[in-house]
1. Report, in degrees rounded to the nearest 10, the 0 to 90 angle that the Cα long axis of helix 250-259 makes with the longest principal axis of the chain.
2. If the elastic network links every pair of Cα atoms under 10 Å, which of Gly18, Gly66, Gly427 fluctuates the most in the Gaussian network model of the chain?
3. Which number gives the lysine pairs in region 341-442 that have C-alpha atoms under 17 Å apart and are eight or more places apart or on different chains?
4. Scan around Lys139 for amide H atoms under 5 Å from its own, H built in the peptide plane at 1.01 Å from N, and keep only partners 5 or more places away or cross-chain.
5. Pick from Asn317, Asn150, Asn301 the residue whose mean-square fluctuation is largest in a GNM of the chain, springs joining Cα atoms under 10 Å.
6. Going by a ≥ b ≥ c, the root eigenvalues of the Cα gyration tensor, does region 331-442 fall in the rounded group (a/c under 1.5), the prolate group (a/b larger than b/c) or the oblate group?
7. Residues with beta-carbon under 11 Å from that of Asp107, excluding Asp107: net charge, scoring Lys, Arg +1 and Asp, Glu -1?
8. Using helices alone, what [θ] at 222 nm do you get for the chain, with -39,500 (n - 2.57) per DSSP H run of 4 or more residues, divided over all residues and rounded to the nearest 500?
Amino acid sequence: MKKPAVHFPTVATIAHEGPGSANPLAFRHYNPAEVIDGRTMKEHLRFSIAYWHAFRGTGSDPFGPGTICRPWESGKDPVSVAKVRMDAAFEFFQKIQAPFWCFHDRDIAPEGRTLAESNKNLDQIVAHAKTLQKATGVKLLWGTANLFSNPRYMCGASTNPDAHVFAYAAAQVKKALEVTQELGGENYVFWGGREGYETLLNTNLKREQEHLAAFMHLAVNYARSIGFKGQFLIEPKPKEPTKHQYDFDVASGVAFLRTFGLEKHFKFNIETNHATLAGHTFEHEIEVAAAQGMLGSIDANTGDLLLGWDTDQFNTNVKELTLAMVSILRAGGLGSGGFNFDAKLRRPSIDPEDLFHAHIGGMDAYALAFKLARRILAEGKFEQFVADRYASFDTGFGRDIETGKATFKSLEKLVLTKLGEPTPRSGKQEYLENLLNTYLHG
Ligand code: XUL
Ligand code: CO
């Protein structure tokens, strides 16, 4: 029998060697087999590889073409190339010890001349993916449809002024839901890359938002009709590619979902770089979603705060990730979600090993943050500080305010007859920042 081709011959499975290791192709903090509270780190962290960046990214930017040439990309028949590419991808998923992957329909199979041809291509590749998933144990975290690259979607997919485009997008998402279901996807993501506008001069904002909501209802109804039990996720982003996107941030997403009766069906997929583009910290977006019980999954990356666009870099900022992890763990974790590396190599990072270095860095930073956050929560110093800060609402008139018993009149009487002027209390931000540093740096 012919031995299967090895696509990353210079790299073996990445092993955990501990913080003392000087091996750049080893994990120092992510130990997939380490059991914490009865679950392995692999199960806790549910890392996922983003197919579009890791296996379709070429390093191209608006000023120049791709720089990254992978050996498996040559060949005349695009479906055969797609199969070999997928073999390489699953070899990578295994070597990097990621239990999940994510894709857009058009990442994995070439788009045909007609929808029927595209669907046929997709079916062939999905059959191949199913075999590879079975052989490797790697599972699908989420699937989605690319409703933003093809010129037909230039003015939006479900928010396009042309109903014909809405119909086409519906047909495409129908198929994407079917293949996500076929591959056991645990979630389905909507990121509205072109669901927004460039100028209000040509846009009926109200109608577009109604169409977006109608589309999501149709998707949920169809998914349930085929037995899809996964979680629906909205991934907010304020802008890019459009000037304004309707799912601007988590708060506007919550308002949208509640306005249109979709809140029961959706949670949020929060991406770090999207949060910062919206003018928020990563943990702000997590807290807003968690406050609504709608924290679903994470697209793990970072931007460059000196640049105003979505640079999708691997996040090695342990401080930022520790704060995010504290919020995630306090909210009870991600459930069926995970940490999907929606991050890409820099244009000059052209070696196959760079794909490993990038993911090792991201996974290690998250694993370290996970451990630090667990310690922070176990010791409870910040929790205690915050609880004390709000303690006046636990009893007496504070409790009456929270339970709706107090009125403006009763509070006025209290202040005039008993309470008088409040005594200011320090917020102690600097003390808390120093306390955080003791966890990060000793
Ligand atoms: C784009 C982005 C997408 C979504 C999936 O900024 O994050 O890749 O994650 O469509
Ligand atoms: Co994303």
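The values are calculated or read from the model by the stated rules, or taken from the named source; none is laboratory data. Quantities reported herein were computed from a predicted structural model and do not represent experimental measurements. Note that we place each Cβ from the backbone using ideal geometry, even for glycine, and neighbour counts take in every protein chain shown. Just so you know, the surface numbers come from the protein's heavy atoms only, side chains and all, with ligands and any DNA or RNA stripped out. Shrake-Rupley method; radii C 1.70, N 1.55, O 1.52, S 1.80 Å.
1. Approximately 90 degrees, to the nearest ten.
2. Residue with maximal mean-square fluctuation among Gly18, Gly66, Gly427: Gly427.
3. Numbers: Lys371/Lys381; Lys381/Lys428; Lys405/Lys413; Lys409/Lys418.
Lysine pair count for region 341-442: 4.
4. Residues meeting the amide H criterion: Phe100, Trp101.
5. Checking each option, the largest mean-square fluctuation is seen for Asn150.
6. It comes out prolate by the Cα gyration axes.
7. Charge balance in the 11 Å sphere: +1.
8. -14000 deg cm²/dmol
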